[in-house]
Amino acid sequence: MDNIPPPKPAITVGLDGGYIRSRDAPNRNEGWFEVIAGKSTVQQGSSSCFAFVHRLDRHARARIGSILKSQGLVYHQPVTFVTDGGDTVRSWPKRLHPRAEHVIDWFHIAMRFTVLKQIAKGISIPDENPDDPDDHSERLLESAKWFLWHGNFHQSLQRIDTLIELIELDERVPVGPEQRKLARALNELYDYLESNRDLIPDYGDRRRHGEAISSSIAESTVNQVISRRFVKKQQMRWTMAGAHGYTWT
């Protein structure tokens, strides 16, 4: 045991996806496929970028593993994967490394709340009491976000559920299209958080300890791969095989 070297600093891997037009689509308005891009960063060290078309590559996990090894990854070294919680990458972290930690990207969660607050702005909610700060749509959303940031998952879901009930429960009050849109978005957020509950940490605590909470390191990689390599602004179209062969870096 005395011969085991101390653990190296953690490696952070941000994974995100972007879409490019398919050349095999019947027209320019249909047919997109996803490119997964990522960036692996070693604390006080180098970083490596990569991307691939996951529908074509059966060895994507092995390829990412080889990148981590090239950065000096050893068995007992911690690795943090930060993703948007999509099904595409949900199973990868533990299969890539036994000490892998998988965290849902706070940026994606915060953006969902921002969109909801924009939808809720100016909407009249049935049975909403304007004099009660805890019975107001924007206040409930801000409270749900605050609880989630501080790791209180159940209180956050409770706030979201309360707002859903404010919209849906009173059948005597007609609900308009904007309210239905808000209710639908709230239910989608609730289901998203519930399905990723095991991957949602205390973000505030992680931030205070300098631990990764966002895949922003991958955001720039996605922009580089999608916008630059595939000339997104010119709307070029690609085959999956052609795009996949042009992504690995």
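The values are calculated or read from the model by the stated rules, or taken from the named source; none is laboratory data. Quantities reported herein were computed from a predicted structural model and do not represent experimental measurements. Here Cβ is always computed from backbone atoms with ideal geometry, including for glycine, and neighbour counts include all displayed protein chains.
Worth a mention:
- Looking across region 82-103, the residues that are out of contact with any Asp or Glu (no Cβ under 7 Å at 6 or more places or on another chain) and under 30 Å from Glu142 (Cα atoms) come down to Gly85, Gly86, Asp87, Thr88, Val89, Arg90, Glu101, His102, Val103.
- Answer from Ile64, Ile119 - the residue that is buried (at least 17 other Cβ atoms within 10 Å of the Cβ) and in the same structural domain as Glu188 (by TED's automatic domain parsing): Ile119
- Applying the set (1) surrounded by 13 or more Cβ atoms within 10 Å (Cβ to Cβ); (2) within 30 Å of Glu188 (Cβ to Cβ) to Arg95 leaves exactly one unmet item: (1).
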